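To start, the structure under review is shown below, and the notes come after it.
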Amino acid sequence: MNREDFNMLKNNIVYFDNGATTLKPNCVKEAIVDYYDNYTANAHRGDYKTSLVVDNKYEETRNKIKKFINAKENSEIVFTSGATQSLNYIVFGYFKNKLKKDDEVLITVSEHASNILPWFVLQKEIGIKVKYIELDNDYKVTIDNVKKAITNNTKVISLAHITNVVGDVRPIEEISKLAHKNNILFVVDAAQSIAHTKVDVQKMDIDFLVFSGHKMYGPTGIGVLYGKYDLLEEMSPINYGGGMNAIFTKDGYIELREIPTRFEAGTPNIEGVIGLSSAIDYINNVGIEKIELYEKNLRKYLIDRLKELDFVEVYNYNVDSGSIAFNIKNVFAQDTAIYLDKYNICVRAGNHCAKILSDALKVNNTCRISLSFYNTKEEIDLLINVLKNSKNIYNEIL
Amino acid sequence: MDNNERRNIILSNYQDNTNRKDVDDNDYIKVNSRNASCIDNINIYIKINNNIIEDIKFNGEACVIAISSTVTLIKNLINKNINDALYIINNYEKMVEGLDYDVNVLNELLAFDDISKQPSRKICATLASRKIKEILEKSM
Ligand SMILES: Cc1ncc(COP(=O)(O)O)c(C=O)c1O
């Protein structure tokens, strides 16, 4: 649906790589151009009209995001460059000061690298232990397995809401209840869920949440870190400089600005914020519930059609998000992707930044289709036809 | 070489598993080769004796160009002395880069003469040659 809003779709491509980044609706691009054409100025700086417009847009966007994820306060929304930077901020700005040797952090093997590597660094630096919640046969996180993994030393559970390879949806509310009953903080990586299902940080009682603008129809280089106010108060800035200090003196004294400004040192990504603002309006206009339902039906259609092909192996029939991992039997994932590309079908081949998952999947590399609401049954039919004709795949790609 | 011939060579070598196996033998030097930007990832095992390459095996996962070029290269290098082997590799790499090269030593590797026109696949076609070259240079 809404295909007319995306100029990229006029380029005769079938875009099935929405987990990597989504296409941008025209309104996002127009909002950014409008900023450059009509009110270019820095934020939080000027005493003139255009600068004030920028300030207002910037803070309006914060408010929009607050509503979008149902946070309590605008001050709980920090702009970052993306989910990766947000996670690094949480780990090195907050947990590095809070955790001590032998404290345990629970993750899973299907987390994105950005939710694994920062914890590895803390493991090395201060001796915390990174432990893995076991996945069930469908690679899902069950509440029982979370219970089993919790010990007296568990201080953090850090999980994707929806993972980027298998696309399993985690029972966030239940995990959150369990975590808080055990005095554990819960970090949620919403990079893959934010544009596809409702995220409500109060209802889900999430302590820290991260996501990227570019996976939700917004620009690259902008993202969000949400933290409960009390937690953000205890977080240290990672970047120091302009905009984040209230006073500093010659002898080295620094007084920081309030939250969240103290975490946004330097000139921010203003065009990113403005583009993100437009992207959120766009999602709100289409309606997140409508998007979720449409994508769910489309996924079901895709799976049903893939089941017709006995030479295709699908690794995650039993999950509920729009991410499907598959291979043509006996063909290397990248060769399949190159073949599909000949027909302008864009899929991702690889281990999808979840390198340690391959042990669990028992396959190193897969092709991934990740759907969006602008994908259609006709595109899926085309994919199936191209796959059906793949007997001579090597003739075509060599 | 016409496209058909090229394709046939690449495919038949891709499917040739003779040297595609892991080796657990201290007489072999083991080296891993991977392309960070894609997902090619193979282990290579080389046995050198008295300046002669007695055997090369490999195993792993990679695209058709990477695997096939590895198989083809290995066939060309076994039983060569190190100098001759390096001469073959250097000329193969020149071909892949689109430079002038000695056509007389490459045999079936000539099937990859098209790669120079596909910049993104050069790293696939040199997955094995880069690492084998390193080992040979160290063994001289
Ligand atoms: C689950 C998940 N977390 C985090 C990220 C990192 O997002 P970014 O690269 O935008 O920082 C991704 C991106 O692929 C992701 O899929």
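Each value in this text was obtained by applying a stated rule to the coordinates, not by laboratory testing. Every value quoted in this text rests on a predicted model; they were computed, and no experiment measured them. Virtual Cβ from ideal backbone geometry, glycine too; neighbours counted across all protein chains shown.
With the dipole of segment A:27-285 worked out from charges on the C-beta (+1 for Lys and Arg, -1 for Asp and Glu) around the Cα centre, which of A:GLY227, A:THR50, A:VAL273 lies farthest toward the positive end?
The residue sitting most towards the positive pole is A:GLY227.
Roughly how compact is segment B:3-139, stated as its Cα Rg over 2.2 N^0.38 Å to two decimals?
Details: Rg = 13.8 Å, N = 137, 2.2 N^0.38 = 14.3 Å.
It is 0.97.
As a quick test, which of the pairs A:LYS388/B:LYS30; A:LYS129/A:LYS296; A:LYS67/A:LYS147; A:LYS96/A:LYS147 have an alpha carbon distance above 28 angstrom in this structure? Write out the running numbers ahead of the final one.
Details: A:LYS388/B:LYS30 40 Å; A:LYS129/A:LYS296 37 Å; A:LYS67/A:LYS147 32 Å; A:LYS96/A:LYS147 25 Å.
Listed pairs above 28 Å: A:LYS388/B:LYS30; A:LYS129/A:LYS296; A:LYS67/A:LYS147.
Could I have the simple spin-label model distance between A:ASP37 and B:ASN49, label points 7 Å from Cα toward Cβ, reported in nm to one decimal?
7.6
Per-residue ellipticity at 222 nm for chain A, helices alone: DSSP H runs ≥ 4 residues times -39500 (n - 2.57), over residue total, nearest 500 deg cm²/dmol?
Working: 13 runs with 141 residues, N = 398.
Mean residue ellipticity, 222 nm, calculated: -10500 deg cm²/dmol.
Quickly estimate the mean residue ellipticity at 222 nm for chain B, helices only: each DSSP H run with n ≥ 4 gives -39500 (n - 2.57), and the total goes over all residues, rounded to 500.
Numbers: 5 runs with 59 residues, N = 140.
It comes out at -13000 deg cm²/dmol, rounded to the nearest 500.
May I ask you to evaluate 6.51 cos²θ - 1.76 cosθ + 1.60, the Karplus curve with θ = phi - 60°, for each residue of segment A:82-88 and list the ³J(HN,Hα) values in order in whole Hz, giving x for glycine and proline?
Result, ordered by residue: x, 4, 4, 5, 4, 5, 4 Hz.
List every residue whose amide H lies under 5 Å from the amide H of B:LYS80, counting only residues 5 or more places away in sequence or on a different chain, with H placed 1.01 Å from N in the peptide plane.
Here B:ILE53 satisfy the definition.
With respect to the cross-link table entries A:LYS24/A:LYS198; A:LYS57/A:LYS203; A:LYS24/A:LYS49; A:LYS177/A:LYS215; A:LYS155/A:LYS228, which display a Cα-Cα separation exceeding 22 Å?
Pairs exceeding the cut-off: A:LYS57/A:LYS203; A:LYS24/A:LYS49; A:LYS177/A:LYS215.
Can you give me the distance in nm between label points at B:ASP27 and A:ASN63, each placed 7 Å from the Cα along the Cα-to-Cβ direction?
Calculated label separation equals 7.9 nm.
Separation between the A:ILE143 and A:ASN344 pseudo-spin-labels, each 7 Å from Cα along Cα→Cβ, expressed in nm?
4.8
Would you please give the FRET efficiency between A:ASN182 and B:SER120, computed as 1/(1 + (r/R0)^6) with r the Cβ-Cβ distance and R0 = 45 Å, to the nearest 0.05?
Numbers: r = 49 Å, r/R0 = 1.09.
Given R0 = 45 Å and the Cβ-Cβ separation, E is 0.35.
Can you compute the charge dipole magnitude of chain A about its Cα centre, using +1 on each Lys and Arg Cβ and -1 on each Asp and Glu Cβ, nothing else charged? Give it in debye, rounded to the nearest 20.
Numbers: 48 positive and 52 negative charges, 104 e Å.
Rounded to the nearest 20 debye, it is 500 debye.
Please list, in order along segment B:80-95, the HN-Hα scalar couplings obtained from phi with the Karplus expression 6.51 cos²θ - 1.76 cosθ + 1.60 (θ = phi - 60°), rounded to whole Hz, x for Gly and Pro.
Along segment B:80-95, the couplings run 8, 7, 4, 4, 5, 4, 5, 4, 4, 4, 4, 6, 4, 5, 4, 4 Hz.
Between A:ASP17 and residues 5 or more places away or on another chain, which pairs have amide H atoms under 5 Å apart, with H built 1.01 Å from N, and which residues are they?
A:SER370
Order of A:144-155, A:206-217 by packing, highest average Cβ count within 10 Å first?
Numbers: A:144-155: 15.4, A:206-217: 27.2.
Sorting A:144-155, A:206-217 by mean packing, highest first, produces A:206-217, A:144-155.
List, in order, the whole-Hz ³J(HN,Hα) value for each residue of segment A:203-218 obtained from phi through the Karplus relation with A = 6.51, B = -1.76, C = 1.60 and θ = phi - 60°; use x for Gly and Pro.
Coupling constants for segment A:203-218: 4, 7, 6, 8, 7, 10, 9, 10, 7, 10, x, 6, 8, 10, 6, x Hz.
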